[in-house]
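The values are calculated or read from the model by the stated rules, or taken from the named source; none is laboratory data. Keep in mind that what you see is a predicted model, and the values were worked out from it rather than measured. Quick reminder, even Gly has a Cβ in these numbers, built from the backbone with ideal geometry, and neighbours come from all protein chains shown. Quick note on the areas: whole protein, heavy atoms, side chains included, nothing else; ligands and nucleic acids left out. Shrake-Rupley method; radii C 1.70, N 1.55, O 1.52, S 1.80 Å.
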Amino acid sequence: MRKISMLVLGTILILFALPILLLIAASFVQGDLMAALQANDGEILFTLSRWREVFADEDMMLRFQNSLKITGYSLLFQIPVGLLGGLFLARSHGKGAKILLVLMLLMLLLPFQSIMVPVFRFSKWARLYDTHLAVILLQVFAPLGPLVVWLLIRQVPQEQWEAALIDCSSQTKIFFRAILPQLIPGLAVLVLLCFAESWNLIEQPLILLHEASLLPASMALNDMKGSAANYAGAVMYSLPILILYVFAGAVFYRTKNEVF
């Protein structure tokens, strides 16, 4: 029974990995890879020309720099804001905290299109329009971080907080010294989710960034349609998330085994 389960799981994993594997293979060949795989007399040749074309495209490299800037600064502030916001939601028992929790849940469920117009007008009023800061602030104060941290803290037994209160009366110190190490596996997943969300932004840059030189790489792949380098560009765009996924998975399992 176990062998059958492993076989089914392995088949599912291969099916999920097949598109990215074909994409990587297509980025290193010249010719119609799909025609060659279907035995339709397609000729393919191993080459690095597509990757050279991507790195030679100054506009594409600028877009990748913009993506790294937006994602890096968003994560730098989004995770601390999420930690403090989640701690407040989990340890505050007043009506204000409950109302804030409900509002954040609603904000998480609302599509961005429903708040697109007020966000656009506010960015104009605050003179943030056509700057990366407008997009970064939206990510920093997104409800995802505080809500995930709130859910993680709720899994910690109340007895641990009460025991820690014997040595320290500060909720913040107790959190960072006794509770935070237990949350690292979940925080690794949170970092991955926040990174993927910031890296794959479409709607926010579309309405907040007018200058083409400020747009991220997520909005540049469609411009490469028909180019010989589109496969290499897509692989290059996917690599950061794949690498972070492997790293976050390693941190998750290693830390989970050490803590629990």
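Summary of values
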| quantity | calculated |
| --- | --- |
| So V191, is it open to solvent by 50 Å² or more (accessible area, probe 1.4 Å) and under 17 Å from the mean Cα position of the chain (by Cα) | no |
| Total residues in the stretch 91-126, condition hydroxyl-bearing (S, T, Y) and either under 20 Å from L144 (Cβ atoms) or not in a helix (DSSP H, G or I) (or both) | 2 |
| Meets criteria (open to solvent by 20 Å² or more (accessible area, probe 1.4 Å) and either at pLDDT 90 or above or out of contact with any helix residue (DSSP H, G or I) (no Cβ under 6 Å at 6 or more places or on another chain) (or both)) for L75 | yes |
| Inter-residue pairs, beta-carbon under 7 Å, first basic (K, R) and open to solvent by less than 80 Å² (accessible area, probe 1.4 Å) and in the stretch 89-118, second assigned to a helix (DSSP H, G or I) and modelled with pLDDT under 85, 6+ apart | R91/Q171 |
| Residues being over 20 Å from L138 (Cα atoms) and not aliphatic (A, V, I, L, M) - total across the stretch 58-87 | 2 |
| Pairs where the first residue, in the stretch 143-160, is hydroxyl-bearing (S, T, Y) and the second is surrounded by fewer than 15 Cβ atoms within 10 Å (Cβ to Cβ), C-beta under 7 Å, 6+ apart | none |
| Filtered residue count, the stretch 127-179, keeping only those that are open to solvent by less than 70 Å² (accessible area, probe 1.4 Å), over 22 Å from the mean Cα position of the chain (by Cα) and either under 30 Å from L206 (Cβ atoms) or modelled with pLDDT of 90 or more (or both) | 3 |
| Top-ranked residue of the stretch 214-257 - restricted to ones that are open to solvent by 70 Å² or more (accessible area, probe 1.4 Å) and of a type in the set (F, W, Y), ranked as modelled with the lowest pLDDT | Y253 |
| Leading residue by the ranking (most open to solvent (accessible area, probe 1.4 Å)) among those in the stretch 196-213 that are in a loop (DSSP other than H, G, I, E, B) and over 26 Å from L244 (Cα atoms) | H210 |
| Qualifying residue in the stretch 106-116 (condition: farther than 30 Å from N230 by Cβ and modelled with pLDDT of 90 or more) | no |
| Residues satisfying the stated conditions in the stretch 149-160, i.e. aromatic (F, W, Y) and either in a loop (DSSP other than H, G, I, E, B) or more than 18 Å from G85 (Cα to Cα) (or both) | none |
| Of the criteria (1) farther than 30 Å from Q171 by Cα; (2) at pLDDT below 90; (3) part of a helix (DSSP H, G or I), which one L68 fails | (2) |
